[in-house]
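Worksheet for the structure shown next.
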Amino acid sequence: MTNNSATPDLRNAAWFKATASSGSGGCLEVAFLDDGRVALRDNEDLSNPPFVVSAHVWRCFLDGAGKGEFNLPA
């Protein structure tokens, strides 16, 4: 986990979710922050604080996900 500074103010963050997500709930949401970090939250329980990572960590995760490195076991 990377947290380069104090927890950012996310009240006005623009959150995005995958188009594969159904209506409400049940997905991971992402917000791209002005300082280059990426915030992640589980919209099933918004009482949990978002997880904030650096742009580098986010790029590494996307690379691994694209290669199937995080696929669920069969």
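Among the residues of region 17-42, the ones that are in a strand (DSSP E or B) and closer than 15 Å to Ala6 by Cβ come to 1 in all. Restricting attention to region 43-74, the residues being part of a strand (DSSP E or B) and more than 11 Å from the chain's Cα centre (by Cα) number 0.
Looking across region 1-16, the residues that are at pLDDT below 90 and of a type outside the set (S, T, N, Q) come down to Met1, Ala6, Pro8, Asp9, Arg11. Among the residues of region 18-45, write down those that are out of contact with any strand residue (DSSP E or B) (no Cβ under 9 Å at 6 or more places or on another chain) and without any contact (Cβ under 8 Å) to a residue 12 or more places away in the chain. Once the filter is applied, which keeps residues that are out of contact with any strand residue (DSSP E or B) (no Cβ under 9 Å at 6 or more places or on another chain) and without any contact (Cβ under 8 Å) to a residue 12 or more places away in the chain, region 18-45 yields Thr19, Ala20, Ser22, Gly23, Asp34, Asp45.
The values are calculated or read from the model by the stated rules, or taken from the named source; none is laboratory data. Quantities reported herein were computed from a predicted structural model and do not represent experimental measurements. Here Cβ is always computed from backbone atoms with ideal geometry, including for glycine, and neighbour counts include all displayed protein chains.
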